[in-house]
């Protein structure tokens, strides 16, 4: 679409300068979009790795718990887990990732997860407890990555829309308008030359 602008040389110069700026912005946005996609894919890859790890750890932990449960009475299990001795809390800080503020979750632990006497239980229960602490760490990391992936996806979509607007609307409009003004100026110049020649011919100068 041709912009509604007077076809003058001043407007032509202004539009050409504007075109250079828009092209630079377009190239920068494309680089940003590609960089965001690279980061997004890296986060997704890490998420899948952690998810697979959690799945495997849960399977192993379940087997250990089955063995531990077989050697303990239900009342003994209730007493073991009735009084937790480890407190956990998540602290959130913010880091900058390609201009986006993304969260970093730090899991803080206080106390010991082994809240029972080792002589009264069996080794499989110890493995279950250790395994659950590891799973908890990975779940917090997974939550951090999921939030990061979500924020990256929003920024990628916003950047993609801006790139498309420049590529398919603003840049074509500017180029079409520049071409239109250039054509008009050339036509005007040819017309003025013809008038000048006819005037000189009429005055007998030529």
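Please treat every number below as a calculation from the coordinates, not as lab data. Only a predicted model underlies this, so the values are computations on that prediction, with no experimental measurement involved. Note: ideal-geometry Cβ built from the backbone for every residue, glycine included; neighbour counts use all protein chains shown.
Miscellaneous remarks
- Label-to-label distance for residue 160 and residue 11 is 3.7 nm, based on points extended 7 Å past Cα in the beta-carbon direction.
- The range 9-203: C-alpha pair distances exceeding 32 Å, %: 53
- Convex hull of the range 1-55 built on C-alpha atoms - directionally averaged projected area, nm²: 5.5
- On Cα atoms only, tilt of 123-165 relative to the major axis of the chain in degrees: 10
- Here the extension length gained between residue 132 and residue 55 equals 26.5 nm, from 0.36 nm per residue of separation less the Cα-Cα distance.
- Using C-alpha pairs under 8 Å with a sequence gap of at least 6, the mean separation divided by the residue count of the chain gives a relative contact order of 36 percent.
- Estimated [θ] at 222 nm from DSSP helical runs (n ≥ 4, -39500 (n - 2.57)) normalised by residues in the chain, nearest 500: -26000 deg cm²/dmol
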